[in-house]
Amino acid sequence: MILKEKFLDDATKSIIWQVVLEYRKKRERAILKNNLEKEKFREELYQIKKKAILNIEELKKKAIENLKENGIEVLQAEDAKEAREKIEKILEGKKKIVKAKSNTFNEIETEGFLADKELTETDLGDFLVQIFQEKEIHPVLPALHLTPEKISQKIKEKFGKEIDPKPEVIADFVRNLLREKISQAEVGISGANVITSDGRILILENEGNISLISRYPNTHIIISGFEKIVPNLEDALKIIKASAIWGTGQDFPVYVSIISGPSKTADIQNQTVIGAQGAKKVYLILLDNGRSKILKEGFEELLYCINCGACLNFCPVFHQIGRNYGSRYLGSKGIIFAGLSENLKKAVDSNCFACTLCSACFENCPVKINLPELMKKLRSLTEKENLQTKENQEMVEKIREFGNPFGKIEEEKIPKKLYCC
Ligand code: SF4
């Protein structure tokens with residue numbers, strides 16, 4: 001049972017719905033433009049990820065070897081705490097940090113982490129969410145709920161600058177502000193979309209902020225779960241294409257950075273110098289944080305996820321309660337991930353019992369992750385631990401006793417408790 005205050009307001013629901021309708025049209029156009037047979041491509045992606053996850057230990061070993069050979073410092077972190085400690089150590093003595101959107105960074109973040117630093121979000125949506133001191137509402141469109149009027153009002157309050165409430169004017173104002181921050185930053189932090197076992201890190205974007213933060217500051221820290229590793233660049237580019245099509249309905253992202261190491265030059269008498277115009281030092285924090293447990297417990301499909309957010313666009317529960325349906329990652333994926341990587345109580349608190357098992361997520365997932373089946377499996381784990389909600393326990397007892405979840409039904413009378421929201 002979900003409390004009324006957890007529901008989104010009607011205006012936000014309506015914005016989400018408009019965005020979803022537009023997204024659907026764009027996605028179909030992008031599939032056509034790429035000349036793809038949708039189901040064949042989904043199956044291909046499923047097989048790429050399945051094979052990669054089956055061989056993940058070997059791929060990880062190769063990737064680490066090759067990345068190190070390329071000059072990238074690879075640090076493995078068992079859990080979120082270790083990842084935070086490693087990042088803090090790299091940031092010792094440094095103050096100005098610029099950050100790009102990273103789901104993995106959100107995964108390890110805790111209150112107070114890097115509070116002594118000047119950390120600026122450089123994705124426009126994340127920057128807006130940061131100045132509003134809110135949480136993102138969608139992984140791809142974090143500021144979906146903020147109107148241009150609200151944003152220009154906030155800019156006036158925060159920066160004392162009056163600007164027209166028009167998206168292009170807001171984008172221009174933020175562009176100038178962020179360019180100044182990026183040019184002064186000592187460290188850039190980002191996530192990764194795909195890593196190849198031959199030592200490449202691929203990051204996609206539209207805004208251009210990731211290209212800047214990965215090249216302008218002296219140090220670039222990349223944080224990623226190890227499940228992002230695939231054998232080669234060919235597979236990686238298919239995942240990049242799918243991320244664009246299913247993520248935002250584009251036929252391909254505006255930019256894809258393929259990072260193989262710190263910047264270098266051999267232009268002076270063929271002597272290699274590390275640190276030309278890009279980052280001088282590149283770190284990769286490779287995170288486990290429950291992923292090995294996910295593999296061990298038979299939930300490996302969850303690690304096929306490419307974080308495109310398509311499942312959320314079609315989830316009827318997310319459309320009603322927004323980020324109350326999920327944990328650090330939103331939606332069913334986030335709930336199952338939280339249940340396994342943190343604890344089962346977290347999955348219950350993130351509303352695992354609100355899932356309708358309608359399968360819209362499964363049908364719209366580019367990697368064919370059967371989230372409803374994983375959700376059922378997770379719920380049975382919570383049952384074994386006796387963690388179900390009171391309402392669910394009542395319903396189960398009534399089904400056992402009366403063959404229906406409402407209890408004794410009297411003719412022409414509405415049952416006392418309907419267990420609806
Ligand atoms: S579960 Fe599938 S649809 Fe949802 S974010 Fe992951 S890859 Fe995208």
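The values are calculated or read from the model by the stated rules, or taken from the named source; none is laboratory data. Computed from a prediction, not measured in an experiment: that's the story for all the values here. Note: ideal-geometry Cβ built from the backbone for every residue, glycine included; neighbour counts use all protein chains shown. Just so you know, the surface numbers come from the protein's heavy atoms only, side chains and all, with ligands and any DNA or RNA stripped out. Shrake-Rupley method; radii C 1.70, N 1.55, O 1.52, S 1.80 Å.
Tabulated data for the structure shown
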read-out: Matching residues in the range 42-61 - criterion: being polar (S, T, N, Q) and closer than 20 Å to Glu297 by Cα; value: Asn55
read-out: Test for Glu401: is it in a helix (DSSP H, G or I), surrounded by 15 or more Cβ atoms within 10 Å (Cβ to Cβ) and not assigned by TED's automatic domain parsing to the domain that holds Lys346; value: no
read-out: Elements of type strands (runs of 3 or more DSSP E) contained in the range 116-211, each with 1 or more residues being touching a residue at least 40 places away in the same chain (Cβ under 8 Å) and touching a His at 6+ places or on another chain (Cβ under 6 Å); value: 187-190
read-out: Residue ID - nearest to Ile258 (Cα to Cα), chosen from residues in the range 66-93 that are more than 24 Å from the chain's Cα centre (by Cα) and without any contact (Cβ under 8 Å) to a residue 40 or more places away in the chain; value: Lys68
read-out: Filter pass, Leu387 being of a type in the set (A, V, I, L, M), loosely packed, with under 15 Cβ neighbours inside 10 Å and not in a helix (DSSP H, G or I); value: no
read-out: Asn307 vs. criteria surrounded by fewer than 23 Cβ atoms within 10 Å (Cβ to Cβ) and more than 15 Å from the ligand (Cβ to nearest atom); value: no
read-out: Test: residue in the range 384-397 that is outside the structural domain of Ser243 (by TED's automatic domain parsing) and either in contact with a Gly (Cβ under 8 Å, 6 or more places away or on another chain) or within 14 Å of the ligand (Cβ to nearest atom) (or both); value: no
read-out: Any hit, the range 34-47, residues being exposed (fewer than 13 other Cβ atoms within 10 Å of the Cβ), at positive phi and either touching a Gly at 6+ places or on another chain (Cβ under 6 Å) or not in a helix (DSSP H, G or I) (or both); value: yes
read-out: Any hit, the range 315-322, residues being open to solvent by 20 Å² or more (accessible area, probe 1.4 Å), more than 15 Å from the ligand (Cβ to nearest atom) and among the small types (Gly, Ala, Ser); value: no
read-out: Selection status of Ser341, modelled with pLDDT of 95 or more, more than 9 Å from the ligand (Cβ to nearest atom) and more than 26 Å from Ile213 (Cβ to Cβ); value: yes
read-out: Elements of type helices (runs of 4 or more DSSP H) contained in the range 307-359, each with 1 or more residues being under 16 Å from the mean Cα position of the chain (by Cα); value: 310-313, 316-321, 331-341
read-out: Counted residues, the range 329-361 - those being farther than 18 Å from Gly225 by Cβ and not hydrophobic (A, V, I, L, M, F, W, C); value: 7
read-out: Residue within the range 359-382 that is free of Cβ contacts under 8 Å to residues at least 40 places away in the same chain, of a type in the set (S, T, N, Q) and within 14 Å of the ligand (Cβ to nearest atom) present; value: yes
read-out: Selection from the range 129-160 of residues that are in contact with an Asp or Glu (Cβ under 9 Å, 6 or more places away or on another chain) and either open to solvent by 30 Å² or more (accessible area, probe 1.4 Å) or within 18 Å of Tyr329 (Cα to Cα) (or both); value: Val129, Gln130, Glu136, Pro142, Ala143, Leu144, His145, Pro148, Lys156
read-out: Breaking point among (1) within 16 Å of the ligand (Cβ to nearest atom); (2) over 16 Å from Pro372 (Cα atoms), for Pro262; value: (1)
read-out: Flag if Ser350 is buried (at least 23 other Cβ atoms within 10 Å of the Cβ), more than 12 Å from the ligand (Cβ to nearest atom) and among the polar types (S, T, N, Q); value: yes
read-out: Flag for Ile239 being open to solvent by less than 10 Å² (accessible area, probe 1.4 Å) and more than 23 Å from Arg215 (Cα to Cα); value: yes
read-out: One residue from Lys368, Lys377 being under 24 Å from Lys51 (Cα atoms), in a loop (DSSP other than H, G, I, E, B) and open to solvent by 20 Å² or more (accessible area, probe 1.4 Å); value: Lys368
